[in-house]
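Reviewing the structure listed below.
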Amino acid sequence: MRQLKPHEKKLLKKTNFLEYKRERGHREAVITQRYSLVDRDDYKKYNGICLMVQKLVNIIKQMDPRDPFRIEMTDMLLDKLRRLATVMVKLKFAEHLKEAVTYIQQGHVRVGPETVTDPSFLVTRNMEDFITWVDSSKIKRKVLEYNGVLDDFDAMS
C-alpha cells in the first residue's frame, strides 16, 4: 500500500472505523467490557446466538405446556452452551470474570485433555465437570498447597 498524503492522513484521523452510525449508541462497548470479550467479532457472534435463542424460546412458549416435545426442547436448550470464563466464575475457579479471562488467556485452564486459551470457548453442561487447572499451572500448585494435598512427587514435575 502506498504512503498516505498529509491531507489523507488528516481526514483519516477524524474517522472512527469501530463505531458506525447505524449502531446508535455504545451498547456493544458496554457488553464487550462487562463480559471481557476480546474481539468485536465475538460480540457479533454472541448477539446472533442470542437472537436465535430468543426466536426459539418464543416458538417453544407458544406450544402447550404439557407437550412432551416442548419439555424435551426446553431441557435441550437449558443444557446448551455457555462461555468458559462465566462457568469458571460460577464454579469458583475465579472471583471475577476479568480474572477468569486472564487465567484462560495465560493457559492455566483445560477442558478435558486439551488446554484452552480462548476465553470465548463455549462449554456444555456435560463438559463443566472436566474443567480443571493445567497440571503445570502454578495456580493448581497453590490451591493444592493451601488445601494440604500437595504431593511432593507431583511438585517435582
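Values in this text are rule-based calculations from the coordinates and carry no lab data. Computed from a predicted model, the values in this text were never measured in an experiment. Neighbour counts are summed over all protein chains in view; Cβ atoms, including those assigned to glycine, are modelled from backbone coordinates with ideal geometry.
Just a few scattered comments:
- Verdict on H96 being surrounded by 10 or more Cβ atoms within 10 Å (Cβ to Cβ) and within 21 Å of I31 (Cα to Cα): yes
- R83 falls short on exactly one of the conditions (1) without any contact (Cβ under 8 Å) to a residue 40 or more places away in the chain; (2) surrounded by 13 or more Cβ atoms within 10 Å (Cβ to Cβ); (3) among the charged types (D, E, K, R), and that condition is (1).
- In region 39-50, the residues that are farther than 17 Å from F121 by Cβ form Cβ pairs under 9 Å with partners that are loosely packed, with under 10 Cβ neighbours inside 10 Å, at six or more places apart or across chains, as follows: R40/L18.
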